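What follows draws every value from the coordinates through simple rules; no lab data is involved. Since the structure is predicted, the reported quantities are computational estimates derived from the model, not experimental observations. Positions of Cβ are backbone-derived with ideal geometry, glycine not excepted, and every protein chain shown enters the neighbour counts.
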Amino acid sequence: MVNLIGSPGSGKTTLLEATLPRLGLRAAVVEGDVATERDAERIRALGVQSVQINTQGGCHLEAHLVERALAQLDLEGVDLLFVENVGNLVCPAEFDLGEDCKVAVCSVPEGSDKPLKYPALFSQAGAVLLTKMDLLSAVRFDRELFWGDVGRLNPKASRFEMDSLSGEGIEAWCGRLRGLLGEKRGSTRGNLVEGR
Ligand SMILES: Nc1nc2c(ncn2[C@@H]2O[C@H](COP(=O)(O)OP(=O)(O)OP(=O)(O)O)[C@@H](O)[C@H]2O)c(=O)[nH]1
Ligand SMILES: [Mg+2]
């Protein structure tokens, strides 16, 4: 189970839309939002099972909410469960959902200073994803600073850059997810961190 955490609009659902058709694994998705069924509808449009949790104002998911959502999924034969947390760089990092890995999703237009400003997520993440790489030339983003700060907080996190609209960079991320599943099946608890 992978817990995707990032700001509103960082591209979590778009990342899933790019990932799920390319992954070659049976996946299911639990969507977390304050309100609406919109993200779960986007996932179901791909032919992938998805349950929406509405927190009605809550800024993060908690394990009991995910447990309730899981009861609505047919998990028989599912290889990989994604949880898209409520868009927020702060609170979701504080709550253990029973995931194998927290994944930090950050986008280029958010700015390169985010890891050190929101260290709890970046220091715990098994992987850090930088999305919207296609917008690099349109905004000021210091890649060296961003990845340098990620490295200082969490040198072992896997790092990925992608453009979810064109699909560039998605295959490397999918490969790591397949690796995670292999590690998980070969041990009790998988981790996206290379070599762990
Ligand atoms: N240019 C570009 N736009 C992207 C990319 N990924 C996502 N977007 C756009 O960013 C906007 C927000 O994307 P979402 O995937 O809905 O963001 P989210 O993180 O799921 O948002 P919440 O669920 O509200 O937290 C949409 O307009 C997407 O089309 C990308 O790689 N490149
Ligand atoms: Mg979303």
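Once both labels are modelled 7 Å past Cα along the beta-carbon direction, what's the residue 117-residue 38 spacing in nm? With each label placed 7 Å out from Cα toward Cβ, I get 2.3 nm. When the P(r) of segment 38-125 is calculated, the portion above 16 Å amounts to 60% of the C-alpha pairs. Stretched out straight at 0.36 nm per residue, the stretch from residue 64 to residue 134 would grow longer than its current Cα-Cα span by 21.5 nm. The distance separating the Cα centre of segment 21-39 from that of segment 60-133 comes to 12 Å. A crude spin-label estimate for the pair residue 75 and residue 156, with each label 7 Å from Cα along the Cβ direction, gives 2.6 nm. Here the chain is assigned +1 on the Cβ of each Lys and Arg and -1 on the Cβ of each Asp and Glu. Its dipole about the Cα centre then comes out at about 420 debye. Determine by what factor the alpha-carbon radius of gyration of the chain differs from 2.2 N^0.38 Å, reporting the quotient. Normalised Cα radius of gyration, the chain: 0.95.
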